[in-house]
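Take a look at the structure set out below.
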Amino acid sequence: MNKGDLVVAIAKQTDLSKSGAEAVVNAFVSTVTGALKKGEKVTLTGFGTFSVSRRGARTARNPRTGEAIQVKASKVPRFKAGARLKGAVK
C-alpha cells in the first residue's frame, strides 16, 4: 500500500473526499514529523509508538573497495508496534 492507496482507503471509511482524506494523511505525517524533530514521542495506544533514537558513530566498510570509513553519529526515527497491531498481524 502506498500513500495514494491509503488516501483512497481513508476516504472510503470516513466518507471524506479524496482531497479531504489526503489532507488528513498529510496532516498526520507532518504532525508526527514535527514532534519527532522536537525529540518527542508519538504514542497511538494499541497501534504503536514513533520515537527518535541516537545511532552512535562507527567504522564501516565500503563494499566496493573494502576501505574503512567513519560514519557520523545520527538520529534515526523508530517505530515500535503496539499489542493490538502485533496481534492483528499474527
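Given the chain, what whole percent of its Cα pairs are spread farther than 15 Å? Please report the intermediate quantities before stating the final value.
Numbers: 2934 of 4005 pairs.
So the pairs more than 15 Å apart make up 73 percent of the total in the chain.
Sorting 67, 40 from the fewest to the most surrounding beta carbons within 10 angstrom yields 67, 40.
Below 15 Å Cα-Cα, how many Lys pairs turn up in the chain? Only count pairs eight or more apart in sequence, or on different chains, if you could.
Working: 3/12; 3/18; 37/75; 38/75; 41/75; 41/80.
Number of lysine pairs found: 6.
Against the longest principal axis of the chain, how steep is helix 18-37, in degrees 0 to 90 to the nearest 10, with axes from Cα atoms? Its long axis makes an angle of about 40 degrees. Mind pulling the angle between the C-alpha long axis of helix 3-14 and the longest principal axis of the chain? Nearest 10 degrees, somewhere in 0 to 90. That works out to roughly 30 degrees.
For the stretch 27-90, which chymotrypsin sites (Phe, Trp or Tyr not before Pro) are both in a DSSP coil and crowded by at most 12 other Cβ atoms within 10 Å?
Values: sites: 28, 47, 50, 79; in loops: 47.
Answer by residue number: there is no such site.
Read-outs throughout are calculated quantities, based only on the coordinates presented, and are distinct from any laboratory measurement. Just so we're clear, the structure is a prediction, and the values are computed from it rather than from any experiment. Reconstructed Cβ throughout: ideal geometry from the backbone, glycine too, with neighbour counts over all protein chains shown.
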